[in-house]
Amino acid sequence: MVDLWKEVTAETALPGAVRTSILNLVIYAGSAERAERLKKELAGQPRRHGSRTILLIADRDRPGSSVDAASSVRCSASQPDSPPLCYEEITITGVGKVADHLASVVVPLLVAELPTFLWWPGQPPFGHRLFNQMLGVADQLLIDSSHFDSPGDGLAHLARLCRARQGVNDLNWGRLAPWREVIAQFFDGAAWQPYAYGLRSLHLIFGSGTNSARRATATTLLLAGWIGSRLGWTPETTLDSLVSGASTLTVERGDRAIDVTTEFQDAGEKMAGLLIGVELVSQPKGLAPARFAVKRLEDMEHACSTMNVHDGVQLQRVVPLHIETDAELLSQELEQSGHDTLYESVVGVASQLAGREVWVPS
Amino acid sequence: MVTTVQNPLREGMTVQRTPEPSIMVIMGATGDLTHRKLMPSLYNLAVEHLLPNGFSVVGFSRQDKDHEDWRSDMRQAVDKYSRYAPVQPSVWDSFAQGLFFKQADFADENCYLQLKEMLDKLDKERGTNGNRIFYLATPPTVFPLIAEMLGKAGLVTDQAFGHGWTRLVIEKPFGRDLESAQKLNRELLSVFHEDQIYRIDHYLGKETVQNILVFRFANGLFEPIWNRNYIDNVQITAAEDIGIDRRGGYYETAGALRDMVQSHMLQLLTLTAMEAPVALDPNAVRDEKVKALRAVRRLRGQHVLQDVVRGQYGPGWVGGQHVEGYRAEEGVAPDSATETYVALKLEIDNWRWAGTPFYLRTGKRMPKRLTEIAITFKQAPLALFKDLDPDSMTPNVLAMRIQPNEGISLKIVAKVPGQGYDIQPVYMDFLYGSSFARQVPEAYERLLLDVMIGDSTLFTRRDEVEQAWEIVTPILDEWSHTPAPDFPNYAAGTWGPDCGQELIERDGRTWRVV
Ligand SMILES: NC(=O)c1ccc[n+]([C@@H]2O[C@H](COP(=O)([O-])OP(=O)(O)OC[C@H]3O[C@@H](n4cnc5c(N)ncnc54)[C@H](OP(=O)(O)O)[C@@H]3O)[C@@H](O)[C@H]2O)c1
């Protein structure tokens, strides 16, 4: 590593080629093909954080028991005019038996005293020994629940991990952040607050296409879980998985039933399973009914948000709603370590909405 | 007071900084500040989803324009100055629906009554609930008039009585000296409460300036040595390579002491010198800042002549270009005695700082643009290395760079590899741009959002302004009855006049080479 850094310093014309390490990022790539794909994805994105990145490949089928390692230093300009940001990338291939004991290879490679993020693409094998060992070396687990094969089970496992004080970052939750912000903004200001408590229905529109129902399930559960956890909703019916037509989940608040419905619309394959619209209808006691909606515009980079109070304020505005790449989302999540208590309570309610028991430690 | 919005969907969100819907009325909406800073910053906030639904802006100015004329002016300004330029047409169009213009004469009561009607109507249409911000982007001479007229027209309401809230934003200069600042404060306070007034010093909106507090009070390492026992001196430099940029008329009435020292530089000194506040709330932070300013020793009479020096640039070369001297600039008298450079030594008479001087210097047409605070620590006892070249034993310096290349560097000495004990200075450098690559918001974005939220931590309180003038006014008084130096006394593109060097060298120190 020291030699690699000397080379970088010698090769970079800019005096300030900067080695910054603010975290360790361990990525469980599984196969060599996936590792290559991830490397390409990460390299195509300007890095926001200096990190030591360790990519893990498990090659159980090769005979013997050995560890192959390759390392490099990559530099990219974070912003025009600022010195390049450099980070180290180490690829470890565990051959044969070692493939199930990769944690022991990772530990000595971590930069001491820095937070360690474990990124596990896809649905992790919760409960599996390798996963538990890897989790043991990480401060923070990074997953994308929209890629879970079984969203209900996956979210219930995450809820358990959160209860066991494991820090969890979900790219899917990050993907929903701008939506959550625009939705929350409807109810900012004392005059609008009663409309949040008076919600009668939540309608979600997703792009149709490959795997759209599976991806949309996790998103529906998280969004309904979020609003439900803030407003004290309890499930009346549950939602295991969405079929690609309309589905309904009913929740209760006090003596009122609230319908959560979904719908799929064709918006091109790129949008398959992604949220393209949200509509909320509210009728607080003693106030006029109101409809709040956010809908992606055709350019898919903006959304139109509308507030429609019967006989009152009618507001419409366009807000940027960029579709973030996985690498962009990853960058954002790497800025958030520790416990996101909001996500922790949301994932608990989401797994209840999915009909999964949540284990509560005694 | 920070308004907390009881929105259940905000509970638990990490971004809690969300304003309630409101209307911002910009008085002087055709001026430079509105074009270069205010409108581009508001648009940037819109792009970042930080503006509330229904947020509206009313331009209130003397030019004859309609809504559409003003919208199209503003669009051009945003296109030119926004960090998100060029504008995204769909975002602009919906943002511009909330922009309105009202032609007005600031002295005519009727105009304010019409404004009130217009705002009441907008409240109903746009759900802004009577919440208003009046932003005075006008010359300071009309601040008292506008405040008085707003009061008379019933446009200043108190939330305590069930109305929406009213806030007033004013720009520096807050007076020309202590007396005029006190007068302005009295005039504003006859209409507004202090907690409704937001005095902008845009330096406080800079990320790096806010980081001074984080650096000092969130790291355990530095605070124990942040005092007279370990620090030899503090140097605050604010150098500009530009001249006065066609603002001769203004600059002739101000000068470097009023323009930079009374506001920005004393803010930097305060943040460096203050004690830890008991909380990060507006009054706790500002209480400590005021205490630090109160402890700054006032310079009078002979001490002014000894510890404050001034300069004015003549022609010279900056960045490979020949530039005129100050007296040849537009709007400047050919025999002007206005200072474009000032350097001073201040002492802080409290237990933390007694005996540790703070040297401040600021100037126009310096070799480069740079603002920094440099903390020079006391030299280590040298007994061990006494045979070495004494020049190689430089003290540790911690430099907080405010702009450009925002960051922090620590100078330490290290052993040169080899047989002997050769020692050389090395730098540990932290650059914002390298550790965090997210775009830094502009100072005005942060400050405008703070006004909407009602957080006045980064705004200057009445007593802070007056304390700063108490430090600066005796210097102005002394200068007013001593003959002006033989100006110009430094060439553009240099680090100022010789007297600036002498000020520090006579204490056996030198300015940092920056
Ligand atoms: N520009 C900056 O970067 C900056 C930085 C720091 C502080 N400030 C402060 O911000 C304030 C505005 O500065 P600015 O540069 O925008 O000034 P400006 O370009 O001169 O514009 C001032 C605005 O006030 C109006 N105005 C001027 N005199 C008036 C009068 N007697 N009656 C009615 N309206 C009048 C102008 O209208 P017309 O267009 O009709 O002339 C214009 O709309 C000042 O207090 C300044 O000290 C500005």
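Here, each number is a calculation from the coordinates, and none is a lab measurement. Because the structure is a prediction, the values reported are computed rather than measured. Glycine also receives a Cβ, built like all others from the backbone with ideal geometry; neighbour counts cover every protein chain displayed.
Roughly what angle does helix B:443-453 make with the longest principal axis of chain B, taking Cα atoms, 0 to 90 degrees, to the nearest 10?
Rounded to the nearest ten degrees, it is 50.
Which of B:26, B:112, B:46 sits closest to the plus end of the dipole of segment B:26-161, meaning its Cα is farthest towards the positive end, when Lys and Arg get +1 and Asp and Glu get -1 on the C-beta?
Checking the options against the dipole of segment B:26-161, the answer is B:46.
Kindly put A:119, A:173, B:351, A:179 in sequence by how many other C-beta atoms sit within 10 Å of each C-beta, fewest to most.
Details: A:119 24, A:173 27, B:351 10, A:179 20.
Ascending Cβ contact count within 10 Å gives the list B:351, A:179, A:119, A:173.
Name the residues whose placed amide hydrogens come within less than 5 Å of the amide hydrogen of residue B:63, ignoring near sequence neighbours (fewer than 5 apart) on the same chain.
HN-HN under 5 Å from residue B:63: B:104.
Could you grab the Rg to Rh ratio for chain B? Cα atoms only, Kirkwood for Rh.
Numbers: Rg = 24.6 Å, Rh = 24.9 Å.
Dividing the radius of gyration by the Kirkwood radius yields 0.99.
Against the longest alpha carbon principal axis of chain B, how many degrees, from 0 to 90 and to the nearest 10, is the axis of helix B:207-218 turned?
The helix B:207-218 is inclined about 60 degrees to chain B.
If the only charges are +1 at each Lys and Arg Cβ and -1 at each Asp and Glu Cβ, what is the size of the charge dipole of the protein assembly as shown around the Cα centre, to the nearest 20 debye? Don't skip to the end; give the middle numbers.
Values: 89 positive and 111 negative charges, 187 e Å.
Here the size comes out at about 900 debye.
Which residue, chosen from A:290, A:261, A:276, occupies the Cα position most advanced towards the positive end of the dipole of segment A:248-316, where the dipole is computed from +1 (Lys, Arg) and -1 (Asp, Glu) charges on Cβ about the Cα centre?
Towards the positive end, the residue furthest out is A:290.
Hey, can you grab everything whose amide H is under 5 Å from the amide H of residue B:231? Only 5+ residues off in sequence or another chain; H modelled, so Pro and N-termini drop out.
Amide H neighbours of residue B:231, under 5 Å, 5+ apart: B:378.
Arrange the following residues from fewest to most other Cβ atoms within 10 Å of their Cβ: B:90, A:31, B:392.
On the way: B:90 18, A:31 11, B:392 14.
Placing the least packed residue first, the sequence is A:31, B:392, B:90.
If each of residue B:109 and residue A:265 carries a label point 7 Å out from its Cα toward its Cβ, how far apart are those two points in nm?
5.5
Show me, for segment B:133-138, the HN-Hα J-couplings you get by feeding each phi into the Karplus relation (A = 6.51, B = -1.76, C = 1.60, θ = phi - 60°), rounded to Hz, glycine and proline as x.
10, 9, 9, 8, 9, 10
Please report the relative contact order for chain B, taking Cα pairs under 8 Å with a sequence separation of at least 6, and give it as a percent rounded to a whole number. Show your work: numbers first, answer last.
Numbers: 914 pairs, mean separation 90.7, N = 514.
RCO, chain B: 18 percent.
From the phi of every residue in segment B:459-468, what ³J(HN,Hα) in whole Hz does the Karplus formula 6.51 cos²θ - 1.76 cosθ + 1.60 yield, where θ is phi - 60° and glycine or proline is x?
With the stated coefficients, segment B:459-468 comes to 10, 8, 7, 3, 5, 5, 4, 5, 4, 5 Hz.
Can you list the lysines whose alpha carbon sits under 28 Å from that of residue B:152, skipping same-chain ones fewer than 8 residues off?
Filter leaves B:65, B:102, B:116, B:121, B:124, B:172, B:183.
Place a +1 charge on the Cβ of each Lys and Arg in chain B and a -1 charge on the Cβ of each Asp and Glu, then give the dipole magnitude about the Cα centre in debye, rounded to the nearest 20.
Values: 57 positive and 69 negative charges, 148 e Å.
Once rounded to the nearest 20, the dipole reads 720 debye.
Under the Karplus relation 6.51 cos²θ - 1.76 cosθ + 1.60, θ = phi - 60°, what is the ordered set of whole-Hz ³J(HN,Hα) values for segment A:198-214, x standing for Gly and Pro?
x, 4, 10, 7, 10, 10, 10, 10, 10, x, 8, x, 4, 6, 5, 5, 5
Let me know the charge dipole size of segment B:202-250 about its Cα centre in debye, to the nearest 20, where only the beta-carbon of Lys, Arg (+1) and Asp, Glu (-1) is charged.
Details: 5 positive and 6 negative charges, 30 e Å.
So the dipole magnitude of segment B:202-250 works out to roughly 140 debye.
Place +1 on the Cβ of every Lys and Arg and -1 on the Cβ of every Asp and Glu in segment A:206-362, take the dipole about the Cα centre, and give the residue among A:339, A:353, A:222 whose Cα lies farthest towards its positive end.
A:353
Restricting to Cα pairs below 8 Å that are 6+ residues apart, what does the relative contact order work out to for segment A:175-324? Please round to a whole percent.
Details: 295 pairs, mean separation 38.6, N = 150.
The normalised contact order for segment A:175-324 reaches 26 percent.
Taking all pairs of distinct Cα atoms, average 1/r, flip it, and tell me the Kirkwood hydrodynamic radius of segment A:175-324 in Å to one decimal place.
Values: mean 1/r = 0.0636 Å⁻¹.
With all distinct Cα pairs of segment A:175-324 included, I get 15.7 Å.
Would you please give the residues with an amide H less than 5 Å from that of residue A:169, counting only those at least 5 places away or on a separate chain, with H modeled from the backbone geometry?
A:141, A:142, A:143
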